[in-house]
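For reference, the structure is listed below as structure tokens.
The values are calculated or read from the model by the stated rules, or taken from the named source; none is laboratory data. What you are looking at is a predicted structure, and each value in this text was computed from that prediction instead of being measured. All Cβ positions, even for glycine, are placed from backbone atoms using ideal geometry, and neighbour counts span all protein chains on display. Accessible surface is based on the protein model in full, side chains and every heavy atom, while ligands, DNA and RNA are left aside. Shrake-Rupley method; radii C 1.70, N 1.55, O 1.52, S 1.80 Å.
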Amino acid sequence: MSLKVLTALDHARTQLYHFKAILIAGMGLFTDSYDLFCILPVMKLIGRIYYEPIGGDPGVTPPVVVSASVAIALLGTVIGQLVFGALGDRVGRRRVYGLCLLLMVFSSFGCGFSICRTRGCVLGSLCFFRFLLGIGIGGDYPLSATIMSEFANKRTRGSFIAAVFSMQGFGILASSAVTMAVMAAFNRATNPEDISPLRTPEAADLAWRLILMIGAIPAALTYYWRMAMPETARFTALVEQDVMKATADMGRVLGDFDLDIHGSDALRHSPSSVTPPPPPPHPTSTYGFFSREFLRYHGRNLFACAAAWFIVDVPYYSSTLFQSQIYLPWFQRASHVNAYQEAYNVAKFQAIIAVASTIPGYFATMYFIDRIGRRPIQMLGFSFMAVFLFALAGPYDAYWHDHTNAWFIVLYALTFFFSNFGPNTITFILPAELFPARFRSTCHGISGASGKVGAIVGAVGFLWASQDNNRANIQQGYEPGIGMMYALIILGGVCVVGLVHTYVFTPETKMRSLEENEGGGSTHRENENGGNAEEVVMGIVVTGNEVPKSPSNRSNSPLCGRSPDL
């Protein structure tokens, strides 16, 4: 029989369910950025509460502890992406989707419900639960991207996946807003006599726990809807080989899902959709992930996705996490404000950057991605990131170091804008579009894990490397580094490498069905019941018994040549 359901998905009109899927799938990314960005003001509070003042300065969480808390969450993310990515292809996207969400909710509450109040126990407990949180967040990456790509139509697929990823920007904003609200409330409720730069009230220990636990609420609210989502039609039809169930599932959630209208009619009236694909490059037998065939047909694309994600996360996470050096001239020093005010200022700066550059960058990608394509946007983003990082680096020691003015902030914000209107978003999208259904989640997980390794390099390595080489000028607890100027130069050079890598290796997937993107427009699978291989072309499965291999039948088939009606 003809499998029209995938072609129908490619040509389906945009419906309310697509937007619901964006919100449901985006909550994992929302939680990711919420917990990543709230940890900085939280560490400010922990330093004031659990560490003794030094001289005239309040207590500070040692940089080693801050780096460990960041790195262990990112390490958990690497593990989660690899494990849950593979499970998504083995047992189904939906079946492990809820598990990821429950893990995120449980570990977010666990981060706040530390089992004790001594310094070592609190930090150990926090790192343990952040590791679990990282695993849940990591698992959500490949599943969210894969589910959205397999639900979307090919005209707006890029915008929809970008919209899911844009929830990170709102997670940053929510993290900042919650932190600011909690800090303002606790500061107002505290007697002024009980709080000062060198004196932190006991209630502050409740404040940071509250911030971390609130991050679990949005994710928990979407659990029911995740469980109500059907399995994607592509997994059901292509991996489980249950065409009837795939059709029924899509008909249940897409109100006017008409196979005849969106399938055969679309093929009949859309010249671009009936252009015969190139000869199939894949063998008729099913090949495994660890096979020469996989390496031959998909190895280049996997390298393109994984390497690009690694490259972009080095400058992105390093710029995010050593931004404290940039906002120091704009806010009062820690020795002049109390614990609540310091955490409030950190969150305020993060909110400004999110509103001014991060979120607009996501929106720009959503608008342009299906118009100009993925590859041009990724090249554009790497190019401008390099330009602005070099503009910050060149005169840093001579001028910017003592003149961190509005122009400096503008250049800094533009690097974030073009990372999100560029490789930071595109690297999330491409792995969900380039691989066969039975490898899609696994390959996305590998690509994302590679990116988080780059994030560890950026967040930990460059946090230390950016310190001044003069011990008198470095922040408390750090060791001398290569200095901000050289760190920025290296990061700009990394972006140039990303530009070259994109030009050489990254393919374009705009306006192509997922089956076309797998490699030359088709893929072959072996029937699990042992028999005939199936050829999937433009989302239509043809068995060997259905289309006889005579010249006359091949010439009259719209799958093998131009249809006579056209």
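List of remarks:
- Å² per residue, accessible surface of region 83-124 at 1.4 Å: 47
- Taking all protein chains together and rolling a 1.4 Å probe, residue 144 ends up with roughly 0 Å² accessible.
- J(HN,Hα) series, region 70-76, from Karplus relation 6.51 cos²θ - 1.76 cosθ + 1.60, nearest Hz, glycine and proline x: 6, 5, 5, 5, 5, 5, x
- When peptides 510-516, 137-143 are sorted by average Cβ neighbour count within 10 Å, with the highest value leading, the order is 137-143, 510-516.
- Local electrostatic count at residue 111 - Lys and Arg +1, Asp and Glu -1, tallied over other residues with Cβ under 15 Å: 0
- Cα gyration tensor shape of region 1-126, rounded if a/c is under 1.5, else prolate or oblate by comparing a/b with b/c: prolate
- A simple packing score, the average count of other Cβ atoms within 10 Å per residue, orders the peptides 236-243, 60-67, 100-107, 111-118 as 100-107, 236-243, 60-67, 111-118, with the highest score first.
- When the solvent-accessible area of region 378-465 is split by element, carbon and sulfur atoms take up 78 percent of it, the probe being 1.4 Å.
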